[in-house]
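The values are calculated or read from the model by the stated rules, or taken from the named source; none is laboratory data. Everything numeric in this text was worked out from a predicted model, so none of it was measured. Here the Cβ is made from the backbone with ideal geometry for all residues, glycine too, and neighbour counts use every protein chain on show. SASA here: full protein model, heavy atoms, side chains in, ligands and nucleic acids out. Shrake-Rupley method; radii C 1.70, N 1.55, O 1.52, S 1.80 Å.
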Amino acid sequence: MTNGESAGGHPPDLMNKLTSLSKRRGFIFQSSEIYGGVGSVYDYGPLGVELKNNIRAAWWQEMVHRRPDVEGVDAGILMNPRVWEASGHVEGFTDPLVECRNCHRRFRAEDLDGVQCPSCGMSGTFTEPRQFNLMFHTFMGPVQDEASTVYLRPETAQGIYVNFRNIQETARQKVPFGIAQIGKAFRNEITPGNFIFRMREFEQMEMQYFVEPSADAEWFETWKQRRMEWVRGLGVTPERLRFHEHGPDELAHYAKTAFDIQYLFPFGWQEIEGIHNRTDFDLSRHQEYSGKKLEYFDPASGDRFIPFVIETSAGLDRTLLVVLADAYTEEEIEGEQRVLLRLHPRLAPIKAAVFPLVKKDGMPDVAKRVADELREEVTVFYDEAGSIGRRYRRQDEAGTPYCITIDGQTLEDETVTVRDRDSLQQERVAIDRLPGHLQALLEAAA
Ligand code: GAP
């Protein structure tokens with residue numbers, strides 16, 4: 001399916017529209033754009049970074065702050081290279097690639113449609129498939145040789161496993177308990193694309209839950225359901241969400257069972273998050289490679305065992321893409337087209353925009369005072385440029401749930417209009433009641 005066609009009832013050509021809206025409104029830019037960009041790395045602009053922070057905060061609140069049995073960690077991106085031998089990534093984190101002998105471009109064999117090179121057009125020039133490791137590497141210290149090679153982590157999970165004992169002992173947690181982390185991961189993807197769907201530098205939100213081996217299936221089911229509920233709670237259309245169970249040929253080298261939460265993107269059903277039963281694979285391997293005991297002593301039974309791990313692994317950027325794609329709406333209002341992002345108010349980068357109806361009669365001064373007062377409570381954008389209609393449209397595209405306008409009546413009775421992004425309904429509210437009114441609206445939407 002091309003970007004022009006659209007699965008899931010999305011507007012036609014959605015990916016291109018999202019890419020241009022993201023640039024136009026300051027959500028997402030191509031990295032190093034003035035130099036022509038760099039492959040599949042993106043920068044978040046003023047609205048993008050707010051949206052990303054709001055998703056990150058929602059995840060952290062759900063997975064750490066609301067749970068006495070989950071602790072947070074923020075581990076280094078660079079780790080001892082033995083970590084990646086133990087984890088199986090040096091050996092197993094590979095894609096089989098073929099190379100065109102004519103233009104030397106590499107492709108995943110499974111992506112090819114025949115014997116013709118998609119880059120140079122020559123036929124029959126492909127080599128036999130060879131394994132290509134997806135980990136980026138660099139050198140630590142002044143000497144650049146094999147002994148100084150370190151990797152940029154391809155998943156955040158290993159920073160959790162190597163800290164298992166530190167955290168269990170210092171936080172005095174008992175199994176079952178979890179450790180959560182949000183952070184950057186890097187993969188030298190061969191076929192990146194679809195905007196921020198597959199990137200080479202991205203962020204993961206991962207939680208590893210350590211359980212008794214006999215309780216793995218039960219906890220797997222619990223986390224599978226909890227994670228789907230969380231995604232739905234972001235306001236994502238339920239009909240565009242489903243589970244996909246990994247068959248034996250899809251399972252990662254560490255997984256016994258794996259389910260993806262998939263979203264129906266315009267380009268089809270694709271993974272946004274994985275829930276994996278990683279058994280005792282990782283802790284056992286780190287115990288073996290480090291020579292340090294990673295067993296858990298159960299004070300109740302007196303047993304020692306290596307816990308099994310139920311992992312929930314979501315992409316922050318990919319979740320953000322889901323939120324954007326799902327919120328993007330085109331509609332006709334009184335013969336005019338409008339584009340809006342129906343973002344959940346909790347996630348919206350700007351909660352309220354404040355406008356003077358016109359730039360005279362003291363309205364800007366009142367509007368600036370209102371904006372400054374609200375800024376103590378929520379994110380606010382002040383705008384006096386252009387017609388009021390254009391200002392509303394700009395905020396619709398930014399996903400701002402409430403627009404507050406200071407007009408002639410304000411100067412008489414200290415009331416303003418509050419316009420709802422989705423229903424377009426306007427109500428008059430007294431300025432001194434505005435902070436409480438907005439809080440109530442935002443809480444009602446949460
Ligand atoms: N620790 C397990 C793990 O990393 P994964 O299925 O490879 O599992 C988990 O990745 C999630 O990370 C994916 O569901 C996706 O949301 C995100 N992700 C993986 N590769 C990505 C990429 N190249 N670009 C953006 N997000 C990616």
Name the most mobile residue of PHE210, PHE381, PHE308, meaning the one with the largest mean-square fluctuation, in a Gaussian network model of the chain with Cα contacts below 10 Å. PHE381
In the chain, what percent of the accessible surface is made up of carbon and sulfur (1.4 Å probe, ligands and nucleic acids excluded)? 48
Using the Cα gyration tensor of segment 211-265, with a ≥ b ≥ c the square roots of its eigenvalues, what is the shape: rounded (a/c below 1.5), prolate (a/b larger than b/c) or oblate (neither)? oblate
For the chain, what Kirkwood radius comes out of the mean inverse Cα-Cα distance, in Å? 24.7
Which Cys residues of the chain have no other Cys beta carbon under 4.7 Å away? CYS403
Tell me, what is the percent relative contact order of segment 350-445, built from C-alpha pairs under 8 Å that lie six or more residues apart? 27
Accessible area per residue of the chain at 1.4 Å probe, in Å²? 47
Karplus (6.51, -1.76, 1.60) ³J(HN,Hα), θ = phi - 60°, over segment 384-390, in Hz, Gly and Pro reported as x: 10, 8, x, 5, 4, x, 5
Run through segment 271-341 and list the GluC sites (Glu not before Pro) located in a DSSP loop whose Cβ has at most 13 other Cβ atoms within 10 Å. GLU334
Hits among lysines - C-alpha to C-alpha of LYS359 under 24 Å, sequence gap 8 or more where chains match: LYS351, LYS368
In segment 161-262, what GluC sites (Glu not before Pro) fall in a loop by DSSP, with at most 15 other Cβ atoms inside 10 Å? GLU250
At most 13 other Cβ atoms within 10 Å and a DSSP loop assignment: could you name the trypsin sites (Lys or Arg not before Pro) in segment 322-406 that fit? LYS359, LYS360
Table column - 3J(HN,Hα) (Hz), segment 12-21, Karplus curve with 6.51, -1.76, 1.60, x for Gly and Pro: x, 6, 4, 4, 5, 5, 5, 4, 6, 4
Hits among lysines - C-alpha to C-alpha of LYS293 under 22 Å, sequence gap 8 or more where chains match: LYS174
Mind checking the angle between helix 46-60 and the chain's longest principal axis? C-alpha axes, 0 to 90 degrees, to the nearest 10. 60
Evaluate the charge dipole of the chain about its Cα centre and quote only its size in Debye, nearest 20, assuming +1 on the Cβ of each Lys and Arg and -1 on the Cβ of each Asp and Glu. 660
What 222 nm value per residue comes from the helices of the chain, counting each DSSP H run with n ≥ 4 as -39,500 (n - 2.57) and dividing by all residues, nearest 500 deg cm²/dmol? -8500 deg cm²/dmol
